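Okay, structure first, notes after.
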Amino acid sequence: MNNIKVEILFPEFCNLFGDMYNMKYLKMCLPNAEFIETALDEIPAFVNEDVNLIYLGPMTEKTQEKVIARLFPYKHRIEELINKNVVFLFTGNALEVLGKYIENEDGSKIEGLGIFEVYSQRDMMHRHNSYLIGKYEDIEVLGFKSQFTMMYGDNSASYFLEVEKGIGINKESKLEGIKKNNFIGTYLIGPILILNPLFTKKVLEMIGVEPNIALEEDTMAAYEARLKELRKL
Amino acid sequence: MKKGFRFYMALWGAKTGTVLLKLLRRNATFFPGKFALKICPDFIGKIDKPKTIIAVTGTNGKTTVCNMLEDILKDNDYVFIDNKYGSNIDAGVATTLISGVTFMGKSKNDLAVLEVDERSAPKIYPYLTPTYLVCTNLFRDSLMRNAHTEFISGILTKYIPKATTLILNGDDLITSNIAPENKRIYFGIDRLDTDLDKCENIARDIIVCPKCNSKLEYEYVRYNHIGKAHCPKCDFRSPDIDYLATNLDLKNMKLTLKNGNLEEEYDLISDNIINIYNIVTVITVLKQIGLTQKQINASMKKLKIVDTRYSEEVVDGIKIITHLSKGMNPIACSRVFDYVRKYEGDKAVILLLDDLHEAANGSENIAWQYDTDYEFLKDESIKQIIVAGARYLDDYVRLQIAGIDKKIMVCKRDELSAVDGLKLEGIKTVFILHDLYSMELKEAVKKKVEVMIKNRATEQEEKVENE
């Protein structure tokens, strides 16, 4: 497929935890693709044109409110694109902006886009850190979580990973993230495409290109070593 | 705060525990305070405290700043308590305060210098009001603990007592805006020839105006978000600096510090910008508490950055530099990588950045590597990079993503055998960059490098003799 377009939403804000390197790595895998970086004060490209992948990385809590406000007018367009099988990759707390609401410790709520029937609760003085191995189709995805929130709601019909080690959307859940058509939202943070070469191949297939990834031999060696290491823990 | 039975139980128990621990030749730098806080949770609030408390917080430099402050104060015959050998969280602070009171709880000292972990603000500042709180800088740090700068600056603003005077890095737009209602004094370094128009770092935590969301205009960028900026649409801007370092003369190792109309010259003990910031911070604090230029400078000249953080040694014409490069701390590592690339002459770099605890008991979250400017190691003067340790495969990928040629890398699990691959031909300096908790490993690697350099020199001598 020619003219692959990848839209990175609000990179000046949503760039925590090295997640932006997911896109740098994707650029290495898709050297001819067009990468559009949309700032928070700009209208997202996906509103008026077709894009193949939309990426949103982790952000601060205040930024979540700004992002919700920015995306709210495009809620139906986002739903339309999810239904049209456009690939989305939302990492860390980016997924929360599409839920019903985010609840603070004092009970106040920040309304989300409400695209998914889930909500999240903040606990700012207790940060959750864990690692994860989970099954996605026929592969294992691994990674790390580091977050102030837990997500609640029923994702049993639309989860991303079936957790083998670690937690799902909350400590009682074994179903991680949300997957609907080609929308993938996950609490995993960091360079998940680099850590998961097999998953990156799946993403490329979802976009509709050959699953040729950059630095395949070396990323696979690191992936296999980490998988072994995490299984031992 | 009224003392009560619980307070005295906690104090006497902690004091007795200190004596017992010392008899057992154990460090009494944490557990006495931990015990006291367990018995009396508001112990820090109840204990008598010195009249003047200098607290030092911030992402990077707080230990160095405290060490320098303490050394200069001691050199000028000040008597004070500090947590130099203790922890910088609530239990460490409590332990230090316990050491500064009599058995009946009366304060023995007028001055305290306390390093305070920024994440511990909610457990310390409700009970302790620093006279001066120094904030060196606020950057991305361990994401697992500190999350992000908005979180840390938020808790500092929430918990710093209103009566505290802040001494802040005015070149850091995040630090300079904490606790906006407090009285504040800014230090900074004037524009340098090495400053840039654009940021070349990955991690930038204040790109847009926090008041109106407009993109900030940087007059210059020193590194990451350090520099001078203003908002083109509102009044948000870098503050005016009270103690401004100017005329930075690295050749003669001098700087001038401007405070109002007063200009004073000081000697530098390091040419590294991070340490120059530490020096400026220290001078500002000491001037604030009444030391003279003469007192500060005479003591400063005797100081040296501690060996565990930086050391250099020349072995048969090749310099070996060990430099602390705190793993999981992207800015600290990036600054060191920048220092390495700008260091004169061709060099080899040995990276020992693993968190050894994680390596032994878990699997390190390597997200921090992708906030770190490994790209700085792609420099013509860096002829070889040796990566070793538990995360060697991750480093290998990260360095390649930074554009570094595989051909110049040696990548092995075992650190000492990786060093076997060191090529000394044409190398002027070997850098050993290590984590805070890998001192023994660093020493072993350094010894091996020394032996390799000596063997090479011997071989060269023998060759010359044979010819």
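Note on the stretch B:119-134: residues that are part of a loop (DSSP other than H, G, I, E, B) and either free of Cβ contacts under 8 Å to residues at least 60 places away in the same chain or of a type outside the set (A, V, I, L, M, F, W, C) (or both) total 6. Counting only helices (runs of 4 or more DSSP H) that fall entirely inside the stretch A:173-233 and contain at least 3 residues that are within 14 Å of chain B (Cβ to nearest Cβ) and surrounded by 21 or more Cβ atoms within 10 Å (Cβ to Cβ), the qualifying elements are A:192-195, A:216-232. Of the residues screened, B:I320 is one that is outside any loop (DSSP other than H, G, I, E, B), in contact (Cβ under 8 Å) with a residue 60 or more places away in the chain and either under 17 Å from B:I427 (Cα atoms) or among the small types (G, A, S) (or both).
So which of A:E105, A:E79, A:E117 ends up being within 14 Å of chain B (Cβ to nearest Cβ), surrounded by fewer than 20 Cβ atoms within 10 Å (Cβ to Cβ) and out of contact with any helix residue (DSSP H, G or I) (no Cβ under 7 Å at 6 or more places or on another chain)?
Numbers: A:E79 fails: within 14 Å of chain B (Cβ to nearest Cβ); A:E117 fails: within 14 Å of chain B (Cβ to nearest Cβ).
None of the others qualify; the one that does is A:E105.
Tell me which residues, restricted to the stretch B:344-367, are within 14 Å of chain A (Cβ to nearest Cβ), outside any loop (DSSP other than H, G, I, E, B) and not charged (D, E, K, R). Within the stretch B:344-367, B:H357, B:A359, B:A360, B:N361, B:I366, B:A367 qualify. Looking at B:T131, B:T136, just one residue is surrounded by 21 or more Cβ atoms within 10 Å (Cβ to Cβ) and in the same structural domain as B:K84 (by TED's automatic domain parsing), and that residue is B:T136. For the stretch B:159-181, a residue qualifies if it is in contact (Cβ under 8 Å) with a residue 24 or more places away in the chain and either surrounded by fewer than 17 Cβ atoms within 10 Å (Cβ to Cβ) or in a helix (DSSP H, G or I) (or both), and the qualifying residues are B:Y159, B:P161, B:A163, B:T165, B:T175, B:S176, B:N177. Among the residues of the stretch A:32-58, the ones that are within 14 Å of chain B (Cβ to nearest Cβ) and either free of Cβ contacts under 8 Å to residues at least 60 places away in the same chain or among the aromatic types (F, W, Y) (or both) come to 7 in all. Filtering the stretch B:391-410 to residues that are surrounded by fewer than 20 Cβ atoms within 10 Å (Cβ to Cβ) and within 9 Å of chain A (Cβ to nearest Cβ) leaves B:Q400, B:K406. Applying the set (1) buried (at least 24 other Cβ atoms within 10 Å of the Cβ); (2) at pLDDT 90 or above; (3) more than 29 Å from B:E150 (Cα to Cα) to B:A55 leaves exactly one unmet item: (3). Taking the numbered list (1) touching a Cys at 6+ places or on another chain (Cβ under 8 Å); (2) surrounded by fewer than 22 Cβ atoms within 10 Å (Cβ to Cβ) in turn, B:L156 passes all entries but (2). Taken over the stretch A:143-157, the residue count meeting the criterion of being more than 14 Å from the chain's Cα centre (by Cα) and either under 20 Å from A:K202 (Cβ atoms) or free of Cβ contacts under 8 Å to residues at least 24 places away in the same chain (or both) is 3.
Restricting attention to the stretch A:200-219, the residues that are in contact with a Phe, Trp or Tyr (Cβ under 9 Å, 6 or more places away or on another chain) and either polar (S, T, N, Q) or within 24 Å of B:L143 (Cα to Cα) (or both) total 2.
Considering every residue within the stretch B:95-117, establish whether at least one is closer than 16 Å to B:T64 by Cβ and surrounded by fewer than 24 Cβ atoms within 10 Å (Cβ to Cβ). Looking for residues that are closer than 16 Å to B:T64 by Cβ and surrounded by fewer than 24 Cβ atoms within 10 Å (Cβ to Cβ), one finds at least one in the stretch B:95-117, hence yes.
For the stretch B:16-37, the candidate set comprises residues that are buried (at least 19 other Cβ atoms within 10 Å of the Cβ) and part of a loop (DSSP other than H, G, I, E, B); within that set, the residue that is nearest to the chain's Cα centre (by Cα) is B:T29. Residue selection: B:Y370 fails the criterion of being under 18 Å from B:I408 (Cα atoms), touching a helix residue (DSSP H, G or I) at 6+ places or on another chain (Cβ under 6 Å) and within 11 Å of another protein chain (Cβ to nearest Cβ). Candidates A:V51, A:V97: the one that is at pLDDT 95 or above and over 29 Å from B:N365 (Cβ atoms) is A:V51. Residues in the stretch B:426-452 that are assigned to a helix (DSSP H, G or I) and more than 22 Å from the chain's Cα centre (by Cα): B:A444, B:V445, B:K446, B:K447, B:K448, B:V449, B:E450, B:V451, B:M452.
The values are calculated or read from the model by the stated rules, or taken from the named source; none is laboratory data. A quick note: this is a predicted structure, and the numbers were derived from the prediction, not measured. In this analysis, Cβ positions are derived from the backbone assuming ideal geometry, glycine residues included, and neighbour counts consider all displayed protein chains.
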